[in-house]
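So the structure is just underneath, and the comments pick up after that.
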Amino acid sequence: MSKVSGLFQDLTTIKKARNGRLASWDQRGKNQDYWEIPAKESIVLGEVEGPGCITHIWMTSSCRKVKAPSILDPVSNASAAPVMEIHPALGVIWDDYDPFYYRKALIKITWDDQDTPSVLVPFGDFFCIGNCYPGNFSSLPFNVSLKPEEAGRYGAPCSVSCYFPMPFNKRAKIEIVNENELPFILYFNIDYEMYKEPLDENTAYFHSSWRRENPCDGWGPDIQTNSPEVNNVTNFKGDGNYTVLDVEGTGHYVGCNLTVKHYQGSWWGEGNDMFFIDGEEYPSLNGTGTEDYFNHAWGMQRNAFPFFGTIVHEGDTDGFQVSYRFHITDPVRFEKSLRVTIEHGHANHLSDDWSSTAYWYQTLPTGNKITVLPVEERLPNVPVLPDKAQRTPELTEEMKAARKSWNKRWEEYGPARQEQFRIKENKARRESILNTEFAKKLRDEYK
């Protein structure tokens, strides 16, 4: 046994393993290295036989809505990289982002022979994109990288990474479920290791689930936060707390991200975190405030550290905050059950919009069936400008001719562009099968 210690001690020991990768690379040898995930469809990114472990997931995506005919040929442009759609030049192409597609799609992961997934989370929220609003941040298990010109936009394209190890004994199945009316493009690399020997019986499997209360059931949202009337109300048993995780089984909780849209206009972060371990009536782990649970104080600051931090600060948005806390060195362990809760305001007096993604490890089978809210209940609450009536002036003959020409181009361009989407969707379906076949080939060679 190695006597080397430290955070990277694993790198100093030779292990018998074989690397593999599921990816969106163009298996025709061309440069269309992404998949078009069809609308209203589930696509398997790949299925891998075990024993093995997913070591890293990287993805980038974009969902575009065609709004007008481009001056580019839709067929020849379809063979180019999709940079024109992701950051279109003015006057060349008009594709607008679907601002909420990060919540309309789901990431779904199923381990071994289970008939229920262990990961079922809105695509963006899994990678800590709260409210479909990406923000640059770097933590130990998750990273998001956003182009500066895309900052401050719902649905903005970015790259995301996850480094949580995800072991499996028999198989791993990774899917994207697109519940949108639109397709979206997805680049991905999913790196994994294969082993010859089965995993230990006490192996804990990665899990993740998403919850939302919109709004939380507050008893005094009209009473100012930190007022004596609020602060003198007691809440010993966590009645009415927001639930981050409620699970049965044996394992350990390793953290969450939390998105809060605050409506009162004062301060949302006075609620205590309360952990109920193995069926406790009273929590054995009590916190001192939501900002304190996320390792901040006196409010939330604009920083992002390996284990905790702010991804998006409420002062930079239309009133919502995205924060994270990862229990990498201090996991919360449970043998029978665990309930992770936080007060929404002291003693749950506030009625804000809370949503969260929990991450934990436990032995199989998954203790509680993981479900997710329907798509219409996942969408963010955002300010909406009132409709403005527009008056159309009398058109000149040139104006009439311009509109007629535009309509004619749209009649030709629209169907041609949509046909290219269908071609790329079929490519994704084919390469989904090829990914699993290639993973099986690697597995058969390494036994």
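The values are calculated or read from the model by the stated rules, or taken from the named source; none is laboratory data. From a predicted model like this one, the values you see are computed outputs, not experimental measurements. Heads up, the Cβs are rebuilt from the backbone with ideal geometry, glycines too, and the neighbour counts pull from every protein chain shown.
Restricting to helices (runs of 4 or more DSSP H) lying wholly in region 71-119: which have 1 or more residues that are modelled with pLDDT of 85 or more, within 21 Å of the chain's Cα centre (by Cα) and crowded, with 18+ Cβ neighbours inside 10 Å?
Details: elements: 74-77, 83-86, 101-104.
In region 71-119, 101-104 are the helices (runs of 4 or more DSSP H) which contain 1 or more residues that are modelled with pLDDT of 85 or more, within 21 Å of the chain's Cα centre (by Cα) and crowded, with 18+ Cβ neighbours inside 10 Å.
Within region 17-37, can you find the residues that are out of contact with any Phe, Trp or Tyr (no Cβ under 7 Å at 6 or more places or on another chain) and over 20 Å from Thr110 (Cβ atoms)?
Asn19, Trp25, Asp26, Gln27, Arg28, Gly29, Lys30, Asn31, Gln32
Could you check region 370-399 and list, in sequence order, the residues that are surrounded by fewer than 11 Cβ atoms within 10 Å (Cβ to Cβ), part of a loop (DSSP other than H, G, I, E, B) and of a type outside the set (A, V, I, L, M)?
Within region 370-399, the subset surrounded by fewer than 11 Cβ atoms within 10 Å (Cβ to Cβ) is 374, 376-377, 383-394, 396-398.
Filter once more, so that each one left must be part of a loop (DSSP other than H, G, I, E, B): 374, 383-394, 396.
Correct list: Pro374, Pro383, Pro386, Asp387, Lys388, Gln390, Arg391, Thr392, Pro393, Glu394, Thr396.
Would you pick out the residues in region 214-250 that are of a type in the set (A, V, I, L, M, F, W, C) and in contact with a Lys or Arg (Cβ under 9 Å, 6 or more places away or on another chain)? Break it down into steps so the answer makes sense when it comes.
Let us first name the residues in region 214-250 that are of a type in the set (A, V, I, L, M, F, W, C), namely 216, 219, 223, 230, 233, 236, 244-245, 247.
Of everything in region 214-250, those that are of a type in the set (A, V, I, L, M, F, W, C) and in contact with a Lys or Arg (Cβ under 9 Å, 6 or more places away or on another chain) turn out to be Val244, Leu245, Val247.
Okay, residues lined up against (1) of a type outside the set (Asp, Glu); (2) farther than 30 Å from Gln114 by Cα:
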| site | (1), (2) |
| --- | --- |
| Tyr192 | yes, no |
| Asp200 | no, no |
| Arg212 | yes, no |
| Gln224 | yes, yes |
| Val247 | yes, no |
| Tyr253 | yes, no |
| Trp267 | yes, yes |
| Phe294 | yes, yes |
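Are any residues in region 231-267 in contact with a Gly (Cβ under 7 Å, 6 or more places away or on another chain) and either more than 25 Å from Val322 (Cβ to Cβ) or of a type in the set (S, T, N, Q) (or both), and if so, which ones?
Glu248, Gly249, Asn257, Thr259
Go through (1) in a loop (DSSP other than H, G, I, E, B); (2) touching a residue at least 60 places away in the same chain (Cβ under 8 Å); (3) not aromatic (Phe, Trp, Tyr) one by one and return the number of the condition Asn435 breaks.
(1)
Output the strands (runs of 3 or more DSSP E) that fall wholly within region 201-261 and possess 2 or more residues being more than 30 Å from Glu335 (Cα to Cα) and assigned by TED's automatic domain parsing to the domain that holds Phe326, or say none. I'd like the intermediate steps shown before the answer.
Values: elements: 205-213, 242-248, 251-261.
In region 201-261, 251-261 are the strands (runs of 3 or more DSSP E) which contain 2 or more residues that are more than 30 Å from Glu335 (Cα to Cα) and assigned by TED's automatic domain parsing to the domain that holds Phe326.
Looking only at residues in region 140-170 that are touching a Pro at 6+ places or on another chain (Cβ under 6 Å) and not in a strand (DSSP E or B), which one is farthest from Asp191 (Cα to Cα)?
First, pick out the residues of region 140-170 that are touching a Pro at 6+ places or on another chain (Cβ under 6 Å): 140, 144, 146, 154-156, 158, 163-164, 169.
Applying the additional criterion that residues be not in a strand (DSSP E or B) yields 140, 154-156, 163-164, 169.
Numbers: Leu140: 17, Tyr154: 29, Gly155: 26, Ala156: 25, Tyr163: 10, Phe164: 12, Asn169: 16 Å.
Restricting to residues being touching a Pro at 6+ places or on another chain (Cβ under 6 Å) and not in a strand (DSSP E or B), the top hit is Tyr154.
Considering only region 328-350, state which residues are surrounded by fewer than 17 Cβ atoms within 10 Å (Cβ to Cβ) and touching a residue at least 40 places away in the same chain (Cβ under 8 Å). Spell out how you get there, then give the answer.
Step one: list which residues in region 328-350 are surrounded by fewer than 17 Cβ atoms within 10 Å (Cβ to Cβ), which gives 328-331, 333, 335-336.
Hits for region 328-350 are Ile328, Pro331, Arg333, Glu335, Lys336.
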